[in-house]
Protein chains: 2
Amino acid sequence: MPRARTTQTRATETVPAVADLRRSVGLREVARAAGVSTATVSRAINNPDVVSADLRERIAGAVKELGWVPDGAARALSTRRSHTIGAVFPALSVGDFAHATHAIQSELSQAGYTLLLACSEYEPELELHQVRKFVERGVDGLILVGQAHHPELEPLLVQRAMPFVNTFVYDRETHGTCIGPDNHKALVTMTDYLADLGHVRFGVIAQSTRNNDRASARLEGVRDALALRGLAVRPQHFAMGEWTIAEGRALFRKLMDTDPRPTAVVCGNAHLAVGAVLEAAAMGLRLPEDLSIVGYDDIEVMSHLPVPVTTVRVPSAEIGRIAARVLVARVEGKDYSAPLEAVAELVIRASSGPPPTP
Amino acid sequence: MPRARTTQTRATETVPAVADLRRSVGLREVARAAGVSTATVSRAINNPDVVSADLRERIAGAVKELGWVPDGAARALSTRRSHTIGAVFPALSVGDFAHATHAIQSELSQAGYTLLLACSEYEPELELHQVRKFVERGVDGLILVGQAHHPELEPLLVQRAMPFVNTFVYDRETHGTCIGPDNHKALVTMTDYLADLGHVRFGVIAQSTRNNDRASARLEGVRDALALRGLAVRPQHFAMGEWTIAEGRALFRKLMDTDPRPTAVVCGNAHLAVGAVLEAAAMGLRLPEDLSIVGYDDIEVMSHLPVPVTTVRVPSAEIGRIAARVLVARVEGKDYSAPLEAVAELVIRASSGPPPTP
DNA sequence: TTGTAGGCGTTATCAG
DNA sequence: CTGATAACGCCTACAA
């Protein structure tokens with residue numbers, strides 16, 4: 001019997017009163033203090049207008065008095081709803097995901113939900129693990145990133161009828177479960193833009209596509225758009241690595257150490273692009289006269305560099321907001337229909353232009 | 001009786017089997033399937049080595065079979081521990097807090113805890129609200145930012161004996177409850193460094209100090225260090241605003257529109273510093289020959305700009321990691337003593353040097 | 001409008 | 001080592 005333990009503890013406690021207080025403040029005590037039943041207190045909290053005014057007041061008084069705070073676990077156990085949503089992101093300190101996190105949190109908070117956050121580190125196994133944990137915690141819904149998950153993931157969710165959305169991806173096939181930009185299309189657009197300017201020799205600096213279907217889709221976008229024009233990226237004009245500015249510099253340097261050089265370099269994300277642009281400056285290359293550099297995703301510094309960088313704007317916050325709304329609606333049985341494809345807008349700045357005339 | 005409702009629902013459900021499954025898979029069913037009592041199943045899960053090998057196996061089989069997942073709410077209700085930690089940050093998409101979040105999440109996950117995340121938007125009222133929510137959710141501990149909170153906050157936590165830590169601040173007075181850099185000291189150090197180089201006319205570009213004791217402390221640091229040398233910042237050399245690159249540029253321009261100009265500009269954070277440095281470049285000013293610019297907090301781009309920026313490195317990830325460890329230890333009764341003051345190291349780069357010789 | 005009482009899924013005490 | 005059973009704190013169907 002737990003109480004026995006408490007009693008023992010109390011014997012050695014220096015502040016028994018506090019221990020007592022902690023243990024004893026529950027609906028029961030509030031009810032006793034207000035001279036009503038626990039049912040009435042519960043109703044006064046969750047369904048106030050079904051309780052007479054004076055009782056409501058007396059109860060409110062007792063609650064203040066005793067400093068009672070409802071117990072979420074008990075409530076969740078009883079109602080089978082935790083008012084909790086879990087999000088599992090591949091990384092947390094990346095701008096994209098951080099902005100989405102903020103939006104999600106804010107949206108959930110307004111709707112009376114709490115955000116549980118975890119990180120998969122781009123590992124499907126870990127993602128599955130985190131999702132399992134969330135299921136155990138009794139989350140009412142889940143926010144994931146990408147469409148490619150561990151094979152056991154979907155079955156797990158489907159079996160328990162757990163609502164979830166895949167973010168930062170969009171494809172028509174799975175409309176309804178995903179919300180984000182169409183990564184492939186975005187890079188087709190970008191590539192077309194460059195090709196239409198006259199570029200023929202393309203370079204690509206990408207982040208690793210390992211366990212990252214968004215990055216893969218973007219790469220495919222470049223390839224497919226080029227193929228339609230009978231073009232392709234030469235092997236020596238392709239480089240892959242981490243997504244840091246330092247890496248962007250290094251890889252860009254490598255690409256420039258070829259002959260012929262590419263006249264347009266497409267970077268897989270914002271940091272790589274910033275690195276490439278800064279390295280180009282350090283090498284004394286003029287943008288866009290000598291070559292064009294473009295990125296994916298827009299971060300503030302890109303528009304403030306000596307040469308502002310052409311890129312694709314991904315509405316991360318909006319993605320998060322919509323994901324949260326859709327999920328909450330689904331959990332509560334209302335169906336909220338929002339546009340699930342987030343348009344990834346091309347932002348043309350000074351780092352891109354026609355290729356140099358030979 | 002809840003079951004009555006379920007029954008009603010089942011009548012209209014299209015997939016009654018699933019609904020049934022969902023409802024019925026509990027410890028009880030596992031126990032029945034394995035031919036043991038619920039107590040034994042519970043033990044097999046939480047204290048395996050106290051259960052005989054064959055029962056353990058049979059139980060494991062039944063668990064797999066039925067796809068049982070423990071119910072966190074029930075467990076929490078029974079044990080009075082949620083294995084959950086709440087963090088309330090003033091902002092989520094800022095590098096600092098995002099890095100800390102990542103570290104915290106990772107650390108908690110390893111220790112078997114889950115992170116609940118909320119945002120106070122630099123509003124004490126909202127912070128209190130979020131903390132209340134977390135208390136209701138039954139978190140085992142809390143991670144906050146700064147020392148200045150809503151007056152009702154601490155009483156609330158103390159009354160319920162809720163463990164918590166204040167991060168990104170350190171002061172000797174409250175050793176044990178705070179973990180982070182000494183903001184005041186960091187800027188004293190920075191200011192001394194500049195003054196020792198010979199600077200006398202200081203400019204300051206700061207983010208708003210409203211509800212931000214860290215930013216205030218840093219400002220005080222500059223003031224106090226200067227005062228010790230009989231110096232002060234002229235009003236026209238002081239500017240305050242948002243913490244964006246754009247704002248940094250604008251405010252820097254404003255500071256330069258004075259006569260005499262400051263010879264050293266101290267920026268309150270990384271983004272303001274980046275903005276100031278980029279604007280200086282745009283204005284054709286040479287760093288550090290014409291003037292020095294320094295920041296606070298180190299973000300990757302600072303070391304890659306044409307003129308790398310002198311700044312203070314704040315070990316955000318480590319702060320998060322230690323906060324998580326300290327809290328978990330406290331929750332579990334073990335006491336973990338780590339160094340709670342995070343050293344904020346001065347990183348000297350090319351943007352600072354002696355003042356121009358007149 | 002209010003009270004009574006059973007159940008939500010686990011844990012843990014105590015008796016075998 | 002195992003089983004029966006009383007909590008844990010709240011919600012809600014049903015009776016009053």
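Just so it is clear, none of the values below were taken in a lab; they were calculated from the coordinates. Source: prediction; values computed, not measured. Cβ sites come from the backbone with ideal geometry, for glycine too, and all protein chains shown count toward neighbours.
Using only alpha carbon pairs under 8 Å that are at least six residues apart, calculate the relative contact order of the range A:32-186 and give it in whole percent. Walk me through the numbers on the way to the answer.
On the way: 184 pairs, mean separation 26.4, N = 155.
Normalised by residue count, the contact order of the range A:32-186 is 17 percent.
Give me a single rounded figure for A:133-139: the average over its residues of other chain Cβ atoms within 10 Å of their Cβ.
For this peptide, the per-residue mean of nearby foreign Cβ atoms is 6.
Quick one: work out the % antiparallel among DSSP beta bridges in the range A:36-174, nearest 5.
Details: 0 of 13 bridges.
Here the antiparallel bridges make up roughly 0 percent for the range A:36-174.
Set the Förster distance to 25 Å, then compute FRET efficiency between residue B:111 and residue A:80 from the Cβ-Cβ distance, nearest 0.05.
Working: r = 28 Å, r/R0 = 1.11.
Computed FRET efficiency for residue B:111 and residue A:80: 0.35.
Percent of Cα-Cα pairs per 10 Å bin, from 0 to the last occupied bin, for chain A, please list those.
The percentages, shortest bin first, are 5, 20, 23, 18, 14, 9, 7, 4, 1, 0.
Length gain on complete extension for the stretch residue B:46 to residue B:286, per 0.36 nm per residue less the alpha carbon to alpha carbon distance? If you can, show how the numbers build up before the last one.
On the way: separation 240, 0.36 × 240 = 86.40 nm, distance 6.54 nm.
Roughly 79.9 nm would be gained on extension.
Taking only C-alpha pairs under 8 Å that are 6+ residues apart, what is the relative contact order of chain A in percent? Show your work: numbers first, answer last.
Working: 631 pairs, mean separation 53.9, N = 358.
Reported as a whole number, the value is 15 percent.
Hey, got the average number of other protein chain Cβ atoms within 10 angstrom for residues in A:84-96? Spell out each step's value before the answer.
Numbers: counts 6, 0, 1, 1, 0, 2, 0, 2, 12, 11, 2, 3, 1.
Counting other chains' Cβ atoms within 10 Å and averaging over A:84-96 gives 3.
Going by how many other Cβ atoms sit within 10 Å of their own, how do B:177, A:101 line up, fewest first?
Working: B:177 16, A:101 25.
The fewest-first ordering by Cβ neighbours comes to B:177, A:101.
Under a GNM of chain A (C-alpha, springs under 10 Å), which listed residue has the highest mean-square fluctuation: A:40, A:244, A:114?
Among A:40, A:244, A:114, the largest GNM mean-square fluctuation belongs to A:40.
Taking the protein assembly as shown, how many lysine pairs are there with alpha carbons less than 27 Å apart, if each pair must be eight or more places apart or span two chains?
Details: A:64/B:133; A:133/A:334; A:133/B:64; A:133/B:133; A:133/B:334; A:334/B:133; B:133/B:334.
Value for the protein assembly as shown: 7.
Using Cβ contacts closer than 10 Å as the measure, can you line up A:77, B:287, B:197 from fewest to most? Intermediate results must be reported in sequence, preceding the final value.
On the way: A:77 19, B:287 24, B:197 15.
Ranked by crowding around the Cβ, least crowded first: B:197, A:77, B:287.
Rounded to the nearest 5, what % of DSSP beta bridges with both residues in chain B are antiparallel?
Bridges in chain B that DSSP calls antiparallel: roughly 10 percent.
Summing -39500 (n - 2.57) over the DSSP H runs of n ≥ 4 in chain B and dividing by its residue number, what mean residue ellipticity at 222 nm do you reach, to the nearest 500 deg cm²/dmol?
Details: 14 runs with 167 residues, N = 358.
For chain B, the value works out to -14500 deg cm²/dmol.
Spelling out what I want: for every residue of the range B:186-193, take phi, set θ = phi - 60°, compute 6.51 cos²θ - 1.76 cosθ + 1.60 (Karplus), and round to whole Hz; glycine and proline get x.
My calculation for the range B:186-193 gives 4, 7, 5, 4, 4, 5, 4, 4 Hz in order.
For the residues A:150, B:102, A:83, what sequence is obtained by ranking on other C-beta atoms within 10 Å, fewest first? Working shown, then result.
Values: A:150 18, B:102 24, A:83 21.
The fewest-first ordering by Cβ neighbours comes to A:150, A:83, B:102.
For the range A:82-181, what is the convex hull volume of the alpha-carbon atoms per residue, in Å³?
Dividing the Cα hull volume of the range A:82-181 by its residue count gives 95 Å³.
What whole-number volume per residue, in cubic angstrom, does the convex hull of the C-alpha atoms of the range B:58-104 give?
Working: hull volume 6.3 nm³, N = 47.
Cα convex hull per residue, to the nearest whole number: 134 Å³.
Fully extended, how many nm does the chain gain between residue B:234 and residue B:332 (0.36 nm per residue separation, minus their Cα-Cα distance)?
On the way: separation 98, 0.36 × 98 = 35.28 nm, distance 5.19 nm.
Separation in residues times 0.36 nm, less the Cα-Cα distance, equals 30.1 nm.
Tell me the Rg and the Dmax, in Å, that the Cα atoms of the range B:140-202 produce.
16.6, 53
Pick from A:88, A:41, A:331 the residue whose mean-square fluctuation is largest in a GNM of chain A, springs joining Cα atoms under 10 Å.
Fluctuation is largest for A:41.
What shape does the protein assembly as shown have by the C-alpha gyration tensor, where a ≥ b ≥ c are the square roots of the eigenvalues, rounded means a/c under 1.5, and otherwise prolate means a/b greater than b/c and oblate the rest? Present the calculation step by step, with values, prior to reporting the outcome.
Numbers: a/c = 2.29, a/b = 1.37, b/c = 1.67.
It comes out oblate by the Cα gyration axes.
Would you look at the GNM of chain B, springs on alpha carbons closer than 10 Å, and say which of B:86, B:61, B:203 moves the most?
It is B:61.
Taking every Cα atom in the range A:208-333, find the radius of gyration and the maximum pairwise distance Dmax, and write them in Å.
17.0, 61
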